[in-house]
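Participant: The structure's right below; bear with me while I get my questions together.
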Amino acid sequence: MFLITDVGSPEGISIDWVSRNVYWTDSTKDTIEVANIETKLRTTLFKTGLVNPRGIAVHPQRGKIFWSDWDRDDPKIEWANADGTGREIFLKSDSVKLPNSLVIDFDTERICYADAGTKKIMCLDIDSKYAHTIAENCTYPFGITVTDEIIYWSDWISKKIERVNKHTLERLKPLNVPLAGTNKLYGLVAVPQHCLGLVNVCQYYKSQCPVNHICLPDGKGSRRCVCGYDISSPSSKPPCIP
């Protein structure tokens, strides 16, 4: 097990494989948190202004994180630097209704999401925020993932993995998969054949952070050493001073 203590309902998980950090949303605690894969040191990046946090996606090279909040009164997609600074609204409620999972298409530098309110799969250019409708008339899209050719999403009503060619937008024959448990399909992950050649400063300088600190990209080409803790290990060193 990776983390079993002080975890409520981790709905979205995303990995910065360059910095070796895991980000997740917790809809019980209403938090956005991060932990280092090797040390398991963790910290809470956000614990206010969250109602129903769900999907999360990290862009290692930009040093950015994106997350969805399907608060029915104020649905939105937010983003911030990966160290928890610079929090802003990326997409507001007039364009998004019930945003579920998020994924970054690194080929096109877009953030894509499944919206169970508008029944659409949408992608937005990260820099310009120009919106691209990938698929319409979905029934209840939830999980989403992307490859070099295809965008896939799970659907709670069709109970299938739907898919579309991301270049031509041609809807392809859905995939039938065995259902178990809640009889619903949740998150999806596409595993590339080769790791993307992305870099960030924590790849090279995380060892320069003090003991009990986590190296987090700051979204400006540098990094910040953030105080972390490991409550699952009573024998761990005393926590650092934030």
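Participant: Using a cut-off of 13 Å between beta-carbons, work out the net charge of the residues near Val51 (Lys and Arg +1, Asp and Glu -1, Val51 not included).
Facilitator: Neighbour charge sum, excluding Val51 itself: -3.
Participant: Just the C-alpha atoms of the chain: what Rg/Rh do they give, with Rh taken as the Kirkwood radius?
Facilitator: Using only Cα positions, Rg/Rh for the chain is 0.97.
Participant: In percent, how large is the relative contact order of region 66-149, given Cα pairs closer than 8 Å and 6 or more residues apart?
Facilitator: After rounding, I find 22 percent.
Participant: Run the numbers for Tyr204 and Asn52: contour at 0.36 nm per residue of separation, minus the present Cα-Cα distance, in nm.
Facilitator: 51.2 nm
Participant: Distance between Cα centroids, region 31-86 to region 91-107: provide it in whole Å.
Facilitator: 14 Å
Participant: Mean residue ellipticity at 222 nm from the helices of the chain, using -39,500 (n - 2.57) per DSSP H segment of n ≥ 4 over the full residue count, to the nearest 500 deg cm²/dmol?
Facilitator: 0 deg cm²/dmol
Participant: Cross-link partners among aspartates and glutamates for Lys173, C-alpha distance below 13 Å, same-chain residues fewer than 8 apart left out?
Facilitator: Glu162
Participant: Which is the longest stretch in the chain that no exposed loop site breaks, taking sites as chymotrypsin sites (Phe, Trp or Tyr not before Pro) with a DSSP loop state and at most 10 other Cβ atoms within 10 Å?
Facilitator: 3-129
Participant: Under a Cβ-only charge scheme (Lys and Arg +1, Asp and Glu -1), can you give me the dipole magnitude of the chain about the Cα centre, in debye to the nearest 20?
Facilitator: Here the size comes out at about 240 debye.
Participant: Go through Lys76/Lys97; Lys47/Lys120; Lys120/Lys160 and tell me which ones have a Cα-Cα distance over 19 Å in this structure.
Facilitator: Flagged as over cut-off: Lys47/Lys120.
Participant: Leaving out same-chain residues fewer than 8 places away, which lysines sit with a Cα under 26 Å from that of Lys40?
Facilitator: Those lysines meeting the cut-off are Lys29, Lys64, Lys206, Lys220, Lys237.
Participant: When the chain is modelled as a GNM with alpha-carbon springs shorter than 10 Å, which of Thr39, Thr168, Thr85 fluctuates the most?
Facilitator: Evaluated over the chain, the most mobile residue of the options is Thr168.
Participant: Restricting to DSSP loop positions (anything but H, G, I, E, B) with no more than 12 other Cβ atoms inside 10 Å of their own Cβ, which GluC sites (Glu not before Pro) remain in region 20-90?
Facilitator: Sites meeting the loop and neighbour criteria: Glu38.
Participant: In addition: Return the loop-located trypsin sites (Lys or Arg not before Pro) in region 110-211 (DSSP other than H, G, I, E, B) with at most 13 other Cβ atoms within 10 Å of their own Cβ; answer none if there are none.
Facilitator: Lys129
Here, each number is a calculation from the coordinates, and none is a lab measurement. Source: prediction; values computed, not measured. Note that we place each Cβ from the backbone using ideal geometry, even for glycine, and neighbour counts take in every protein chain shown.
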